[in-house]
Number of protein chains: 2
Amino acid sequence: VTSAERNEDVELALRLVDAAAQFILPYFRCLETVENKLSAGFDPVTVADKGGEQAIRTMLQTERPDDGILGEELGYRPGTSGSTWVLDPIDGTRAFISGLPTWGTLVGLYDGHRARVGVMNQPFVGERFVGSPEGAFCLRSSKKTPLRVRNVETLEQATLCATDPAMFRPGPEANAFRAVAEQCRLTRFGTDCYAYCLLAMGQVDLVIEANVQAYDVQALIPIVEAAGGIFTTWAGDDPHAGGQVIAAANPRLHELALRHLNGAIQPAPKLPAAMRRP
Amino acid sequence: VTSAERNEDVELALRLVDAAAQFILPYFRCLETVENKLSAGFDPVTVADKGGEQAIRTMLQTERPDDGILGEELGYRPGTSGSTWVLDPIDGTRAFISGLPTWGTLVGLYDGHRARVGVMNQPFVGERFVGSPEGAFCLRSSKKTPLRVRNVETLEQATLCATDPAMFRPGPEANAFRAVAEQCRLTRFGTDCYAYCLLAMGQVDLVIEANVQAYDVQALIPIVEAAGGIFTTWAGDDPHAGGQVIAAANPRLHELALRHLNGAIQPAPKLPAAMRRP
């Protein structure tokens, strides 16, 4: 894949998130549209979520009919090209239904080995985060700001983020997270996809989460990596399938956090076999 | 106080938060300006915080030289008029230093008995929430939207917010919060002043916090009350001095939550005596 092709992928990813935003934004702060996906437990999904994903799929059908699609709402459709678009129209549905502007639309492009291009769009705030091998940057109004992690190398100086303390299973998993949090200078909850983008921006140092899906992370991996950060599972392995994941601003912090996490490793989920290339 | 005077107070409060924003915004996502107020523990304060409050105080010196001022950064200065401006230039400093757009500038006007006018400004997102006896509304771009609480009357249907699970003292206080949270449909952390504004907007139903200060709540009380909500301490008393506070969308939810909280009541802090009128 050439640099020009990569830039085309970035341009397309930006058009995809914009198409989703056009559908999603009118529903933000209009809770009456919310329905529950599961009757047991609380898994909020909105008309906006499904419509946003459909808007992206419709555009891909024209622009990249041979690519596969893995989406939060409408599942997996294998392609023939070897590439798969990985979509979460509203990452942070709980923030969305609470009216908080910390959700985002995620679009990643998986090449059979890794996510090469990723975009996070927060259309209410009006900012987009982009990562690819050509670099990572934030777009707001007409300003383009390069993203770069910062150089905090001890847990005592680090800011840690996670979406919800309840995302960790009680027992070793929750205890391992707490062990890191107790060492850190500051822990913020309620951060969703924003946390990874703010890590890329050098605002926070660690994001540690569990029970996340491929579509929660694939758009964010290229943003973190192109900004100089590290993105793995708690075991230090490939994070593209989700599960227990960690993003760190640098290798030293990553290593320090993994020491606390390595007693609580769970088997990682698997991507659909058809997504991976030999 | 007449309606016209009240509207003048609202107009002035809006100019005050704008003056603060002009100073504060250039520091957002520029962490190198952060300093620690307390060497023990973590209480981040920024140059922006102090400068923002100074900008408000300078304007008040010209516009309302006889009014008192109680500010987070620069303390209490009694006035002679019987009214006190209650200021928090950056509510949510932890969000601010993490780059999250969920902090806000708070300005309330206390009349010796209660806060009559309150404004919350989030200048990065570009929205302002206003409350007074004339009503509550949100301003964004040139659009003015009236605020109204929603009508969720059971904890099982309610969304609960709090800034941080660690704000509750371990023991009865933390247990009481958890008892409410376990009943609720959804609990969101990391919400700061936004939670109260979203309650006024009908997006969330309960905000339960502890260890908050007068300047954390006084701007928000008129917003919640003018939107139809209820704002008290956990004991059901006057919340203007802070401490343990609860905002609820309606009397039924308020009562249901208080049942869980009433075993964990702590003595409320006191406002400076000179702020109160006989």
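Applying D = kT/(6 pi eta Rh) to chain A, where Rh is the Kirkwood radius over alpha-carbon pairs, T corresponds to 4 °C and eta to 1.567 mPa s, the Stokes-Einstein value obtained is 70 µm²/s. Extending 7 Å from the Cα toward the beta-carbon at both residue A:66 and residue B:274 defines two label points whose distance is 7.8 nm. Spin-label model, residue A:58 to residue B:175: label points 7 Å out along the Cα-to-beta-carbon direction sit 5.5 nm apart.
At a probe radius of 1.4 angstrom, the accessible area of the protein assembly as shown per residue rounds to 38 square angstrom.
When residue B:183 is represented by a point 7 angstrom out along its Cα-to-C-beta vector, the spacings to that point in the other copies are 4.0 nm, nearest first. Here the dipole of the protein assembly as shown is about 20 debye; that uses its Cα centre as origin and unit charges on the Cβ of Lys and Arg (positive) and Asp and Glu (negative). Residue separation of residue B:250 and residue B:111 scaled by 0.36 nm, minus their Cα-Cα distance, works out to 47.6 nm of gained length. If you count Lys pairs in the protein assembly as shown whose Cα atoms are under 25 Å apart, skipping same-chain pairs closer than 8 places in sequence, the total is 7. Between identical copies, the spacing of residue B:114 label points, each set 7 Å from Cα toward the C-beta atom, reads 6.0 nm from nearest to farthest.
Suppose every Lys and Arg Cβ carries +1 and every Asp and Glu Cβ carries -1, with no other charges. What dipole size does segment B:158-278 come out with about its Cα centre, to the nearest 20 debye?
140
Counting only DSSP H runs of at least 4 residues, each contributing -39500 (n - 2.57), and dividing by the residue count of the protein assembly as shown, the helix-based mean residue ellipticity at 222 nm comes to -9000 deg cm²/dmol. Charges on Cβ only, +1 for Lys and Arg, -1 for Asp and Glu, centred on the Cα centroid of chain A; of A:78, A:246, A:147, which one is farthest towards the dipole's positive end? Going by the Cα projections, it comes out as A:147. Highest mean first, the peptides B:230-236, A:89-95 sorted by other C-beta atoms within 10 Å per residue fall in the order A:89-95, B:230-236. For segment A:166-278, the percent of C-alpha pairs falling in each 10 Å distance bin, counted from 0 to the bin holding the largest distance, reads 14, 50, 31, 5, 0.
Chain B's nearest residue to the axis relating it to A, judged by Cβ and reported with the distance in whole Å, is B:190, 1. Sorting B:138-146, A:98-106, B:265-273, B:122-130 by average packing, meaning the other beta carbons within 10 Å per residue, from highest down gives A:98-106, B:122-130, B:265-273, B:138-146. What separates the Cα centres of segment B:168-185 and segment A:101-132 is a distance of 36 Å. Remark on segment A:185-217: accessible area falls by at least 40 square angstrom from chain-alone to full-complex state for A:185, A:186, A:188, A:189, A:198, A:203, probe 1.4 angstrom.
For chain A, the longest principal axis of the alpha carbon atoms and the long axis of helix A:251-261 meet at an angle near 80°. The order of the peptides B:197-208, A:151-162 by mean Cβ neighbours within 10 Å, most packed first, is B:197-208, A:151-162. Distances from residue A:81 to itself in the other copies, using label points 7 Å out along the Cα-Cβ axis, amount to 6.4 nm in increasing order.
Charge dipole of chain B (Cα centre as origin; +1 on each Lys and Arg Cβ, -1 on each Asp and Glu Cβ, all else neutral): 340 debye, rounded to the nearest 20.
Find the sum over both chains of the accessible area lost when A and B are paired, probe 1.4 Å, and report it in Å² to the nearest 100.
Interface area, both chains combined: 3100 Å², rounded to the nearest 100.
Please report, as a whole percent, how much of the solvent-accessible surface of segment B:90-192 comes from carbon and sulfur atoms (probe radius 1.4 Å).
The nonpolar share, carbon plus sulfur, comes to 48 percent.
Both radii were evaluated on the Cα set of the protein assembly as shown; the Rg over Rh quotient, with Rh as the Kirkwood radius, amounts to 0.98.
The values are calculated or read from the model by the stated rules, or taken from the named source; none is laboratory data. Computed from a predicted model, the values in this text were never measured in an experiment. Note: ideal-geometry Cβ built from the backbone for every residue, glycine included; neighbour counts use all protein chains shown. Note: accessible area is taken over every heavy atom of the protein model, side chains too, but ligands, DNA and RNA are not part of it. Shrake-Rupley method; radii C 1.70, N 1.55, O 1.52, S 1.80 Å.
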